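Shown next, in structure tokens, is the structure this report addresses.
The values are calculated or read from the model by the stated rules, or taken from the named source; none is laboratory data. This is a predicted model, so every value here is computed, not measured. Cβ sites come from the backbone with ideal geometry, for glycine too, and all protein chains shown count toward neighbours. For accessibility, only protein heavy atoms count, side chains too; no ligands or nucleic acids. Shrake-Rupley method; radii C 1.70, N 1.55, O 1.52, S 1.80 Å.
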Amino acid sequence: MTQGNHDVLIIGGGVAGLVLALEIADRRRVTLLRPASDDLGASRWAQGGIAAVLSPGDDFDAHVADTQVAGDGLCDEAAVRFTVENGPAAIEWLLSLGVPFTPDPSPDAGYPYHLTREGGHGARRIIHAADATGLAVMETLQAHVAAHPAIRILDDLTAIGLIDDTAGHCRGARCLDSQGKLHELLASDTALATGGASGLYRHTTSPHPACGEGMLMGAELGAELMNLEFQQFHPTCLFDPQGTPFLISEAVRGEGGRLLNVRGERFMPALHPRAELAPRDVVARAIDAEMQRTGSDHVLLDIRHLGEATIHHHFPTIQAYCAGRGLDITREPIPVVPAAHYSCGGLSTDLTGATTVANLYAIGEVACTGLHGANRMASNSLLECLVFARSCAAALARRGEVTESATLRPFGAGSQEADPRALDEIRQRMRQVMSTRVAIVRRDAGLAEAAEELDALQRELAPIVDVSATSAALAGLWQALRLARLTVASALGRRESRGLHYNPDCPDHGPGLPRPSRIHLSALD
Ligand code: SIN
């Protein structure tokens, strides 16, 4: 086992982790733990863009109000205002780094870059790089991070847990290398930027989604989790049972795409005044209902009327990918289906990303800042990554390196290898339970069954955890299972339907002011 001494340890190499690394590296030493493979994580798959008040015809109050409506009354207004008001400066910073956003050359454009529209937004306010914004932002940030002399990148380690001391402070992370050797990275401050928990579900919009490992690592140290019941399903993932998951951006509807059922009938205008651009929870639920009504496993997204030139200009990535799967989206409607996309809940933080555990920060999807409430508005996620990573960096710069003296808590591990097939089987069963009983529509009886089934799976795994040498797969599955159980407990605790949590057994908003749900790992005892 090796023990290194680090200053700021960042776990996760998506947009949040890279921005934090770059913004703090001139003031403090940075160690960035990122997966070796670039296609891991959600950031690079983000298509749509970044929402911010950039057009002269837009204003902060409108962005705040749209976010709150999409969040179905549960957003924390201070977090929303903070994010929205810091948005334009964050975009300016990205532009200064050279992110190739799509320009708007039209003479009457009020802003030099093209702004698209997505669900929930009352104005055009999404800056984008064609339909591959996440990739463009990631490539730019990665180039700057690689060139920075004060950032040490470790891409051969996987974090399996955090280190704490007898004072209850976070002191770094425990990691495994590819040979299974344990490394303890002691750090003055640790920031989780590990992504969400969509991987608890069977069908997702990105190929290698996180399963909430970072959320659980924080919870293991006693950090509070918030709003876990609000798991977002993106309305339009390509329906392609033999292919890898592929998102069809909401910007496709923003530019005029229409949803049709398999009989060719448009259904959104009758359900919401914003039709296809209603908030995501509304559209995903409507698609789910329409699929059940027509007995189909998908619906259709039709953009043929936009014409070949517009489709090619705005959606080159989607067009090329679909063509590779044998679908010409200029001539045929796109078969789509909702899929798990984004976790609105996570480790609760303040406006600097500080969790409820000393020296531990959480930024990006792993965090719950209060911005998204019960349903995230489209393209507010990259915005949140940027704004909170920058404010976290400012807080860490003010704080400086600290020396802790409390004793580290010990860590024990068994000595046998866990059978990977047994682990995979338990993971698939967990995903099946979550997808059948804790998805777009959840009922009391199904949630109670899910609680029992997940509990049984955890009991099945417990003896393996007790005797096996820790592997990344074993640690991750153990964390995912416990996060799934906490998600079900949070869903059972919310006696109302709100945003992404729709339970026909309590179909309305509850009485009084809406409250976030807060839960600790001790709820599973
Ligand atoms: C999309 O392009 O539809 C995804 C963007 C987001 O999730 O905000």
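Points worth noting:
- Sites Arg443 and Leu327, calculated FRET efficiency, Cβ-Cβ separation with R0 56 Å, nearest 0.05: 0.95
- Shape of the range 1-134, Cα gyration tensor, a/c cut at 1.5: prolate
- With every protein chain in place and a 1.4 angstrom probe, the accessible-area ranking of Phe411, Phe239, Phe230, largest first, reads Phe411, Phe239, Phe230.
- Rounded accessible area of Asp156 (nearest 10 Å², 1.4 Å probe): 90
- Sequence-separation-based contact order of the range 373-525, relative, with Cα cut under 8 Å and 6+ spacing, percent: 27
- Working note: 222 nm ellipticity from helices only, DSSP H runs with n ≥ 4, each -39,500 (n - 2.57), summed and divided by the residues of the chain, gives -11500 deg cm²/dmol to the nearest 500.
- In Hz, Karplus ³J(HN,Hα) per residue of the range 359-372 (6.51, -1.76, 1.60; θ = phi - 60°; x = Gly, Pro): 6, 10, 10, 9, 9, x, 5, 5, 9, 10, 8, x, 5, 8
- Extension gain (nm, one decimal) between Arg459 and Glu184, 0.36 nm per residue minus Cα-Cα: 96.2 nm
- Arg171, Arg293, reordered so the largest accessible area comes first (probe 1.4 Å): Arg293, Arg171
- Here the contact order of the range 19-174, divided by its residue count and restricted to Cα pairs under 8 Å and six or more residues apart, works out to 35 percent.
- Taking a point 7 Å out from the Cα of Arg399 in the direction of its Cβ, the residues of the range 126-154 whose backbone N falls within less than 19 Å of it are 151-152.
- Rounded, prolate or oblate (a/c below 1.5 giving rounded, otherwise prolate when a/b exceeds b/c) for the range 376-487 by Cα gyration tensor: oblate
- Per residue accessible area in Å² of the chain, where ligands, DNA and RNA are left out and the probe is 1.4 Å: 38
- Val336 long-range amide H proximity, modeled H, under 5 Å: Phe239, Val299, Leu300, Leu301
- Kirkwood-type radius of the range 404-469, with distances r between different C-alpha atoms, in Å: 14.1
- Where Asp281, Asp26 fall by accessible area, highest first, once all protein chains stay in place (1.4 Å): Asp26, Asp281
- Placing pseudo-labels 7 Å out from each Cα toward the beta carbon at Gln416 and Thr244 gives an inter-label distance of 3.5 nm.
- Calculated from backbone phi, Karplus (6.51, -1.76, 1.60) coupling profile of the range 228-241 in Hz, x at Gly/Pro: 5, 6, 9, 9, 8, 9, 6, x, 10, 9, 4, 7, 8, x
- Positive minus negative residues near Val465 (Lys, Arg vs Asp, Glu; Cβ under 12 Å): 0
- Rounded to the nearest 10 square angstrom, Thr407 shows an accessible area of 90 square angstrom against a 1.4 Å probe.
- For the chain, the share of accessible area belonging to carbon and sulfur comes to 51 percent (1.4 Å probe, ligands and nucleic acids excluded).
- Shape class of the range 135-225 from the alpha-carbon gyration tensor: oblate, with a/c at 1.5 or above and b/c at least as large as a/b.
- Charge tally around His63: other residues with Cβ under 10 Å, Lys/Arg +1 each, Asp/Glu -1 each, net -3.
- Asp156 versus His509: modelled label distance in nm, points set 7 Å from Cα along the beta carbon direction: 5.5
- Relative contact order computed over the chain (Cα-Cα under 8 Å; 6+ residues apart), in percent: 22
- Built amide H within the under 5 Å cut-off of Cys368, gap 5+: Gly346, Leu347, Ser348, Thr349
- Share antiparallel - DSSP beta bridges, the chain, percent rounded to 5: 60
- The range 271-281 - phi-based ³J(HN,Hα) in whole Hz, Karplus 6.51/-1.76/1.60, Gly and Pro as x: 9, 7, x, 8, 6, 5, 9, 5, x, 4, 4
- When the P(r) is computed for the chain, the part past 47 Å accounts for 7% of the Cα-Cα pairs.
- You can think of it this way: the chain between Glu77 and His148 has 22.0 nm of extra reach, that is 0.36 nm per residue less the Cα-Cα gap.
- Built amide H within the under 5 Å cut-off of Asp7, gap 5+: Thr31, Ser188
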